[in-house]
Amino acid sequence: MHRPVLYQEIIHALRPRQGGHYVDATLGAGGHAQGILRASQPDGSLLGLDVDPEALAIARQRLAPFGERAILVRASYTTMVEQLQALSWEQVDGVVLDLGVSSMQLESTERGFSFKYDAPLDMRFDPENPESAAYLVNTLPEAELADLISRYGEEHKARRVAHAIVQARPIGTTRQLSQVVASVTSGGRPGIDPATRTFQALRIAVNRELEALEQVLPQAISVLAPQGRLAVISFHSLEDRIVKQFIRQEIRDCLCPPKQPICTCGHKASLVEITRTPIRPEEAEVKENPRSRSARLRIAEKRA
Ligand SMILES: C[S@@+](CC[C@H](N)C(=O)[O-])C[C@H]1O[C@@H](n2cnc3c(N)ncnc32)[C@H](O)[C@@H]1O
């Protein structure tokens, strides 16, 4: 099975120990979870969360040898606090967030995450989410679609793309969408499919990925024990910016404007930054798994 991105670095960062409690908030195929459970032998425990039932089924099989040490729940990581309360785990020693889409999801020929395969335009991590990519593409007003593609895809030709989409409606498949996008975005960077940015934008919007990330970060801090660690892997600059700004805010004691003589906000630092600059995969990893090229790992520690 494919080794998860920045695997060694995550395990090293979390320093799993006997009897420790960990959360893998983006379980996927369970690669990071397996590493944490192995490194916290014989009695460390892990709560694994994912909204994708297919991912959970694979992780369940992979983690079965760990028995009750691995508790796997189909739930959004935005409910982390609630999930831990249900287990009566007051604090945990580490939280991992490996954001975005998994290789498994991307390589699925049916789930519509990739323009490489012709499939229904779906892109939902959670199949119970009522809004698929097809729903957004076929119902959003042109201006909203343009805004979404520009903001989440950082696509300079977003207006043109949105206009072409609206003209071509209804669009039901990944191939149809990539052809429409290609018709107005030719001449981009060599080797990069012109539909890349639009697909990324739709996936982020369908799964409300940035909102979910903003919700989970404060929850992760609130559940960490002193000196517990948070490790976050992001795959694009929008995610990384949110993680970086959050950590930079949480390592400061006061968030008042710089010229204000007395602190009125009362904010207290909750984190220590472990990685000033994010850890990136080594060349060998990128060679083996080209998707890891854009990965960035940030680590922070709960203050003692
Ligand atoms: C990059 S993959 C994780 C891969 C995993 N680390 C491994 O070792 O196989 C990200 C996973 O997060 C899941 N996910 C996305 N949004 C989620 C959310 N809000 N709550 C829980 N899981 C989510 C996706 O379904 C996907 O399986």
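The values are calculated or read from the model by the stated rules, or taken from the named source; none is laboratory data. Values in this document were obtained by computation on a predicted structure and should not be read as measured data. Ideal geometry is used to build each Cβ from the backbone, glycine not excepted, and the neighbour counts take in all protein chains shown. Surface accessibility is based on the protein's heavy atoms, side chains included, excluding ligands, DNA and RNA. Shrake-Rupley method; radii C 1.70, N 1.55, O 1.52, S 1.80 Å.
Using R₀ = 41 Å, calculate the FRET efficiency as 1/(1 + (r/R₀)^6) where r is the Cβ-Cβ separation of Lys116 and Val81; round to 0.05.
It comes out at approximately 0.65.
Taking the Cα centre as origin and putting +1 on Lys and Arg beta-carbons and -1 on Asp and Glu beta-carbons, what dipole magnitude results for the chain, to the nearest 20 debye?
820
Rounded to the nearest 0.05, what FRET efficiency is calculated for Arg276 and Leu106 with R0 set to 25 Å and r the Cβ-Cβ distance?
0.25
Of all DSSP beta bridges located in the chain, what percent are antiparallel, nearest 5?
40
How much length is gained on full extension from Ile192 to Asn129, taking 0.36 nm per residue of separation minus their Cα-Cα distance?
19.7 nm
What is the range 78-213 by shape, rounded, prolate or oblate, if you read a ≥ b ≥ c off the alpha carbon gyration tensor as root eigenvalues and call it rounded for a/c under 1.5, prolate for a/b larger than b/c, and oblate otherwise?
Taking the square roots of the gyration eigenvalues as a ≥ b ≥ c, the range 78-213 is prolate.
If you roll a 1.4 Å probe over the range 175-246 with all protein chains in place, what percent of the accessible area is carbon or sulfur?
Answer for the range 175-246 is 48 percent, counting heavy atoms of protein chains only.
Treating only the Cβ atoms of Lys and Arg (+1) and Asp and Glu (-1) as charged, compute the dipole magnitude of the range 1-157 about its Cα centre; round to the nearest 20 debye.
Dipole about the Cα centre, nearest 20: 720 debye.
Could you name the aspartates and glutamates in cross-link range of Lys157, using Cα to Cα under 16 Å and dropping any fewer than eight places away on the same chain?
Glu142, Glu144, Asp147, Asp193
Using a 1.4 Å probe on the protein chains only, how many percent of the accessible area of the range 1-137 belongs to carbon and sulfur?
48
Which lysines have a Cα lying under 23 Å from the Cα of Lys259, excluding residues fewer than 8 positions away in the same chain?
By straight Cα distance, Lys259 reaches Lys268.
Taking the Cα atoms only, what angle lies between the long axis of helix 209-223 and the longest principal axis of the chain, rounded to 10 degrees?
The two axes meet at around 0 degrees.
Defining a contact as two alpha carbons under 8 Å apart and six or more residues distant in sequence, what relative contact order in percent does the chain show?
Once divided by the residue count of the chain, the mean separation gives 17 percent.
Kirkwood Rh over Cα pairs of the chain into Stokes-Einstein at 4 °C, 1.567 mPa s: D in µm²/s?
63
Towards the positive end of the charge dipole of the range 149-304, with charges on Cβ (+1 Lys, Arg; -1 Asp, Glu), say which of Leu224, Ser270, Thr185 has the farthest Cα.
Thr185
At what distance in nm do the modelled label points of Arg175 and Ser237 sit from each other, each positioned 7 Å from its Cα along Cα→Cβ?
The answer from the label model is 3.4 nm.
Send over a whole-number figure in Å² for the accessible area per residue of the chain, probe 1.4 Å.
49
Roughly how many Å² of Lys302 are accessible to a 1.4 Å probe, to the nearest 10?
Here the residue's solvent-accessible area equals roughly 40 Å².
For the range 234-304, which GluC sites (Glu not before Pro) are both in a DSSP coil and crowded by at most 14 other Cβ atoms within 10 Å?
Of the GluC sites (Glu not before Pro), the ones in loops of the range 234-304 whose Cβ has at most 14 other Cβ atoms within 10 Å are Glu282.
Can you show me the helix-derived [θ] at 222 nm for the chain, built from DSSP H runs with n ≥ 4 at -39,500 (n - 2.57) apiece and divided by the number of residues, rounded to the nearest 500.
-12500 deg cm²/dmol
Apply the a/c threshold of 1.5 to the C-alpha gyration tensor of the range 32-92 and tell me whether it is rounded, prolate or oblate.
Taking the square roots of the gyration eigenvalues as a ≥ b ≥ c, the range 32-92 is oblate.
Hey, what's the Cα Rg ratio for the range 249-304 versus the globular rule of thumb, 2.2 N^0.38 Å?
Against the empirical 2.2 N^0.38 Å value, I get 1.71 for the range 249-304.
What lysines does Lys116 reach when the alpha-carbon gap must be under 20 Å and sequence neighbours fewer than 8 apart in one chain are set aside?
Lys116 reaches Lys287.
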